[in-house]
Amino acid sequence: MKVDGSIEKFYQYSFPMQTVLVTCKDEHDKTNVITIAWHTTISKKPPLYGISLAPSRYSHDLIKKGKEFVVNFVYYNMVEKAHFCGTHSGRSTDKIDKTRLTLSPAKKVKVPVIKECYAHLECRMVQNLTVGDHTLFIGEVVAVQADENAFKNDLLMTNKIQPLYYIGGNSYTTTDRLKKKEF
Ligand SMILES: Cc1cc2nc3c(=O)[nH]c(=O)nc-3n(C[C@H](O)[C@H](O)[C@H](O)COP(=O)(O)O)c2cc1C
């Protein structure tokens with residue numbers, strides 16, 4: 001039996017959503033970090049990645065002005081830090097300092113990567129689209145770095161890498177108990 005869902009909460013049907021930390025910089029070179037679940041690959045050639053941000057986020061204006069961002073893929077064991085960065089604003093809190101996340105230089109963009117994450121997509125903004133109540137920032141992926149153990153034969157090694165997933169409310173999960181089927 002199925003029950004009618006709420007259109008207001010349609011987005012919950014795509015849970016679990018992989019949750020990432022996006023880094024960006026202000027005009028004084030200070031780095032901010034925002035937790036997001038609304039993000040996606042958009043195109044292979046050219047390599048484009050999209051992130052959807054509400055205009056109220058401090059990071060929204062930083063990315064609009066700075067035109068660069070890095071998508072950092074988070075391990076489940078970083079859940080407290082990711083939750084903190086998703087519930088505090090860089091307008092009033094230095095989230096890098098408070099979470100003790102470590103920044104390290106990116107290869108091609110000025111915005112740094114977060115060292116503790118297992119992969120990073122360095123993006124240069126090519127477009128920003130107002131889409132409903134969010135802005136879709138589309139970035140060209142200009143460099144990629146990943147933990148050497150993350151992929152084998154192009155498969156994500158889920159026994160070694162346990163990504164962070166958001167399931168709604170204040171709750172998160174990861175892949176280690178999910179069933180896996182190989183064809
Ligand atoms: C799990 C999780 C996922 C989130 N996903 C998004 C998202 O996709 N887009 C967005 O604009 N905000 C999202 N947020 C909210 C922002 O992370 C939050 O408002 C943050 O404090 C904004 O930081 P800033 O003001 O420093 O940019 C999410 C928060 C959490 C906890």
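Using only alpha carbons, build the gyration tensor for the chain and give me the equivalent ellipsoid semi-axes, biggest first, whole Å.
So the equivalent ellipsoid measures 24, 21, 18 Å along its semi-axes.
With labels modelled as points extended 7 Å from the Cα through the Cβ direction, what inter-label distance (nm, one decimal) is found for D61 paired with L103?
So the label points at D61 and L103 sit 1.9 nm apart.
Over region 127-183, one equal point on each Cα, no solvent: what is log10 I(q)/I(0) by the Debye formula at q = 0.18, 0.26, 0.28 Å⁻¹?
Here log10 of I(q) over I(0) equals -0.94, -1.02, -1.08.
Could you tell me the center-to-center distance, by alpha carbons, between region 1-39 and region 104-142 in angstrom?
Distance between centres, Cα-based: 14 Å.
Test of understanding: ordering S52, S171 by Cβ neighbours within 10 Å, fewest first, what list do you get?
Placing the least packed residue first, the sequence is S171, S52.
Using the number of other C-beta atoms within 10 angstrom as an exposure proxy, rank R124, R100, R57 with the fewest first.
Lowest count first: R100, R124, R57.
Sorted by mean Cβ packing within 10 Å, highest first, what order do the peptides 69-82, 145-158 take? Could the numbers behind the result be given before it?
Numbers: 69-82: 20.7, 145-158: 11.8.
My ranking of the peptides, most packed first, is 69-82, 145-158.
Just the Cα atoms of region 63-131, one point each, no solvent: what log10 I(q)/I(0) does Debye give at q = 0.17, 0.18, 0.19, 0.26 Å⁻¹?
For region 63-131 at q = 0.17, 0.18, 0.19, 0.26 Å⁻¹, log10 I(q)/I(0) is -0.71, -0.79, -0.88, -1.27.
Read-outs throughout are calculated quantities, based only on the coordinates presented, and are distinct from any laboratory measurement. Note that the coordinates shown come from a computational prediction; the quantities given were computed from them, not determined experimentally. Neighbour counts run over all protein chains shown; Cβ positions are idealised from the backbone, glycine included.
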